[in-house]
Amino acid sequence: MTYPSPPTDGTTDTYYGESVADPYRPLEDIDASPTRAWVAAEAAMTRAYLDAVPQRAAIRAHLQSMANYERYAVPFHMRDRYFYFYNTGLQDQSVLYTMRGYNGTPRVLIDPNTLSSDGSVTVGEESPSWNARYLTYATRSSGSDWQTWHVRDVASAHDLPDTLQWSKFSTAAWLPDDSGFFYERYPAPAAGQTFKGALYGHAVYLHKLGTAQTADLEFYYRPEHKNWLYGVQVTDDGRYAIVSVSSNDSINTRIGYVDLRARRQTVRELLWKNDAQWNFVGNNGPIFYLTTTLQAPNSRVVAIDVRAPGRARAIVPQSRFALQSASDVGGRLICSYLADAHSAVNVYDLRGALVRDVDLPGLGTAGGFNGFADDRTTFYSYAGWTTPPTIYRYDVATGASTVYRKPRLDFDPSQYVTREVFYRSKDGTRVPMMISSRRGASRDGNNPTILYGYGGFDIPIAPVFSTSIATWLQMGGVYAVANIRGGSEYGEAWHRGGMLGNKQNVFDDFIAAAEYLIVQKYTSTPKLAIKGESNGGLLVGAVETQRPDLFGAAIPGVGVLDMLRFDKFTIGNFWIPEYGCSTCGRADFDWLSKYSPYANVRPNTVYPPTLVMTSDHDDRVFPAHSFKFAAKMQADQAGNAPILLRVQLKAGHGGSTTLTQSLDATADIYAFLVKNLAITLPSDFQASP
């Protein structure tokens, strides 16, 4: 292929006496005319390539048909006022409804589809006030992480004048008297730096209803720690505000609290040693319940009396499974674990005695179980790779689960199967992988297969249902997910085994997964595609530069691809505890330079067909990562396989802001794979609308 010529220069950086060329540095100026012209030319080439795939139209139509079903989210409530998101099927954004009681008559409270002409404004981080008169919510435009806070009157469904800007990674926590709420924000960015400038100076503010943002009280900020990131929640009894602190120099957290009934409201340092991860669960007066990794890499639940905060008292001990979350509902602690990468849920009393297990259908993910200490019931969803999500109402006292909302869609789960297998990585580590396919699919090495992974930030990849994945299975594909190190599938030890200087373990685990699929004849190299986003985009970029011979196609999405400069942009500095940084020390530079995808693209190398995907409003992973990587791969590709760059407009780190964008992006991915993996669609798929 003849690729557009990108802007280049002779930039060379020196690290510890070693020179590193960065010829595509000009692409970091994403607003410069040469960069814009190059991106436009790349977009035109990619669009022409994908639109020429004959099967794309049928794939796009099938995806839309599959997505056209009613979708409910798990409801939440304040007192007897319930809230939930609902999508009729093809709405770009789900609509927030409210009702009295969980079986009341619903009415629309916020319809995000009316907030912009193209559906690119999303709504999130909803928080009802204590008497459910008001609801705070944050809007985001075109996929950006920047949040604008609003306050809606629940009765009238109209907004108050209050509008708060320059929030990121923020929640809202109401004062018990409904007079205002805590939130977090950054200083306003300098001109031209809104979507790319490095972020520092996160602070907690208190906003009083009916006042301008300029009057907000800076409630908590440590100027000597401009790299700290805060979160605030108010306890169910309204007595305390819990302040959580994380930073860009450690994976651990701190916990402080404010007595809201005290005359002088200051943050008291409760768990401030930065010696473990701490998460507030709930309280019984001055007794705080928290999860922690202190002396428990799989995490446990402890209690601390804030009147005498000495040693934490063990409540629910560490299990052989990794504790993912805990909630205090109805006088019970509901603990969600990962058992070999799928959910297991146990219920304990407040002394830590096991009450019962929650009976779940199989290899899936249960999520929800939120509520208050005096609730009798809660709600949760359950889904699997081939099991559409069902919402259940759970009686905390009796343990009975009843179906609350069940989807109806044109997909028969009985025709598909998910198997969990275990394989050995390069160093002998046992790694789980879930493989989904049509029931009875042959294992002759000819199945088109997507191998997906993430491997970082203590984030597990648990089963989830997606009509996009269902469509791939209907296309005759196999979908495999490798639960590689770096996540929390097996607790903090699994995470640490894939971070900093151990990051190569992540790539070795993923390569071993690909080799397993080939040896076991699920697929073969010409039929095997790898896919991942964000840290998973880094994963794909790293393994395809290390083993370009192993894969039939690669799709790195919104990836962190230049590991020597990731900390220079947006929130990238906050990833230093996970990756290290090139200027943090020689050891960091050594391991980063060895696997950084951009640094390890080599001339005269045959790379597999690659579709690099990013978004123009991605202000989490700077899109220049993808620009530079794609440009260098195009220049150094020695084979005939295409290296394409797809840039989603008016979208952010999620890759798509609207349902329409999501369907278009997936259709492009599958069209790319149909062409490059030489896929013949099943006759029954081709007949689909």
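The values are calculated or read from the model by the stated rules, or taken from the named source; none is laboratory data. Since this is a predicted model, take the numbers as computed values, not measurements. Please note: Cβ atoms are built from the backbone with ideal geometry, for glycine as well, and neighbour counts cover all protein chains shown. Just so you know, the surface numbers come from the protein's heavy atoms only, side chains and all, with ligands and any DNA or RNA stripped out. Shrake-Rupley method; radii C 1.70, N 1.55, O 1.52, S 1.80 Å.
Here are some notes:
- Loop-resident sites, region 72-131, for trypsin sites (Lys or Arg not before Pro), counting at most 15 other Cβ within 10 Å (DSSP): Arg79
- Sparsely packed loop sites in region 13-98 (the GluC sites (Glu not before Pro) outside DSSP H, G, I, E and B with at most 14 other Cβ atoms within 10 Å) comprise Glu70.
- Accessible heavy-atom area order of Arg311, Arg602, highest first, probe of 1.4 Å: Arg311, Arg602
- Phi to ³J(HN,Hα) by Karplus 6.51 cos²θ - 1.76 cosθ + 1.60 over region 259-272, Hz, x for Gly, Pro: 7, 6, 9, 6, 5, 10, 9, 10, 6, 9, 7, 9, 10, 10
- When peptides 618-624, 50-56, 453-459 are ranked by their average number of other Cβ atoms within 10 Å per residue, the highest-first order is 618-624, 453-459, 50-56.
- Residues Asp340 and Asp237, FRET efficiency given R0 of 30 Å [Cβ-Cβ distance, rounded to 0.05]: 0.20
- Separation of region 384-401 and region 81-99, taken as the distance between their Cα centroids, equals 20 angstrom.
- Each peptide in 19-26, 234-241 was scored by the mean count of other Cβ atoms within 10 Å over its residues; highest first, the order is 234-241, 19-26.
- Extending 7 Å from the Cα toward the beta-carbon at both Val355 and Thr2 defines two label points whose distance is 7.1 nm.
- Cross-link pairs exceeding 21 Å in C-alpha to C-alpha distance, out of Lys406/Lys531; Lys196/Lys650; Lys168/Lys273; Lys426/Lys503; Lys568/Lys650; Lys196/Lys503, comprise Lys406/Lys531; Lys168/Lys273; Lys568/Lys650; Lys196/Lys503.
- Taking every DSSP beta bridge that has both ends in the chain, the antiparallel portion is near 85%.
- FRET efficiency for Lys273 and Ala400, using Cβ-Cβ distance with R0 set to 60 Å, rounded to 0.05: 0.90
- Taking 7 Å steps out from each Cα toward its Cβ at Leu260 and His158 produces label points 2.8 nm apart.
- Distance-filtered residues of region 153-169 - backbone nitrogen under 18 Å, label point 7 angstrom along Ala215 Cα→Cβ: 160-165
- Using the Cβ-Cβ distance between Asn131 and Asp444 with R0 set to 45 Å, the FRET efficiency from 1/(1 + (r/R0)^6) comes to roughly 0.10.
- Packing around the peptides 82-93, 528-539, taken as the average count of other Cβ atoms within 10 Å per residue, puts them in this order, highest first: 528-539, 82-93.
- Option label - Cα extents along the principal axes in Å computed here, alternatives (i) 90, 69, 45; (ii) 104, 68, 50; (iii) 71, 58, 53: (iii)
- Span from the region 226-302 Cα centroid across to the region 648-689 one, whole angstrom: 43 Å
- For the chain, the list of Cys residues with no other Cys C-beta under 4.7 Å reads Cys335.
- The residues packed around Asp22, meaning those with a beta-carbon under 14 Å from its beta-carbon, carry a net charge of -1 if Lys and Arg are +1 and Asp and Glu are -1.
- Dipole moment magnitude, nearest 20 debye, region 197-289 about Cα centre, only Lys, Arg, Asp, Glu C-beta charged: 240 debye
- For region 454-477 and region 561-619, distance of Cα centres in Å: 24 Å
- What you get for the chain, charging only the Cβ of Lys and Arg (+1) and of Asp and Glu (-1), is a dipole of about 1020 debye around the Cα centre.
- Under 5 Å, built H, 5+ apart or other chain: amide partners of Gly364: Ser343
- Calculated [θ] (222 nm, deg cm²/dmol) that DSSP helices of n ≥ 4 give over the chain, each run adding -39,500 (n - 2.57): -5500 deg cm²/dmol
- Solvent-accessible surface of the chain, taken per residue with a 1.4 Å probe and all protein chains present: 38 Å².
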